[in-house]
Amino acid sequence: MDFIKLAQDGHIGTIVLDNPKKLNALSHDLVDGIIDALKRLEEAEARVVILRAQPGARVWSAGHDVGELPEGGRDPLGWDDPLRHLVRTIETCRMPVIAMIEGGVWGGAVETVLACDIVIASPGATFAVTPARLGVPYNVSGMMTFMSAASLRIVKELAFTAAPISAERAERIGMINHVVAAEQLEAFTLGMATTIANNAPLSIGVMKEQLRVLAGAKPVSPRGFEKVQGLRRVVYDSHDYHEGIRAFKEKRAPVFTGR
Ligand code: YXS
């Protein structure tokens, strides 16, 4: 399990993102580490998991590892992309996952956090949905994760501006559960985890799955799905997508032309 630390105390598991050199970018290796840790905790009968970055992290996660995104001609967020595996694993694992946030959360890491069951952040935390920053066509289930966490108008603002929003605003609009002073964040999160761990795990596990199935029950016709997938292809085959990825790698501002 590269780039993460795993601990368990009774029925409470803790997974720490620990690749500060790459700002905990969600690389294939780091994602595999998180998925492996969740599976181990499930087997070890953990009843709740805290997912966090290293204490005092300035960046919780910089999002998908841009170096692992294709530069065009291929869906950058297809079914088998590591980020998609991570979101599905968080959503389907039996234990509630509490995202404890310090620092900035970027791009696919925002979806990862919103796929968690409960989100508790310190006042300095921020959340930025970044596909428009790089010219990326976000995928359908990913957009549904955002739509489950905030109103359509808020999702549009986050997606179209790609600008970070504060933890306070995220709490005010119901996108996250709590904002807690940095010095109390760990104790508050552990307190909630302990309460959950002392409740009935079967009941909680079934309610988590019920809510996942019901929240995901959105009627999209086959034609509607094919249309959206076709539109996404226009984006990932575009000059702008290639330019967004190249500009990031060359550390310069992208010049988008709408082609
Ligand atoms: O120059 P070196 O080699 O040290 O590397 C730099 C950055 O290139 C690297 N890094 C990343 N590498 C791969 N993927 C990333 N997402 C990523 N982010 C950063 O880490 C080293 C330190 O970065 P630097 O110098 O920029 O640090 P900073 O403290 O000045 O700024 C921190 C950030 C997070 C504000 C800045 O690194 C940044 O804006 N990162 C990109 C955030 C972002 O746009 N993430 C979205 C990734 S794409 C994604 O998640 C989805 C596909 S989507 O976009 O559709 O949501």
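If only one of V140, V155 is at pLDDT below 95 and of a type in the set (A, V, I, L, M, F, W, C), which one is it?
V140
Yes/no per residue for (1) polar (S, T, N, Q); (2) in contact with a Phe, Trp or Tyr (Cβ under 8 Å, 6 or more places away or on another chain):
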| position | (1), (2) |
| --- | --- |
| S61 | yes, yes |
| G78 | no, no |
| T92 | yes, no |
| V97 | no, no |
| G103 | no, yes |
| R133 | no, no |
| M144 | no, no |
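Among the strands (runs of 3 or more DSSP E) lying completely within the stretch 14-127, list those that include at least 3 residues that are among the aliphatic types (A, V, I, L, M) and either more than 15 Å from the ligand (Cβ to nearest atom) or crowded, with 22+ Cβ neighbours inside 10 Å (or both).
Answer list for the stretch 14-127: 48-53, 97-101, 118-121.
The values are calculated or read from the model by the stated rules, or taken from the named source; none is laboratory data. Source: prediction; values computed, not measured. With ideal geometry, Cβ positions are generated from the backbone for all residues, glycine too; neighbour counts draw on all protein chains shown.
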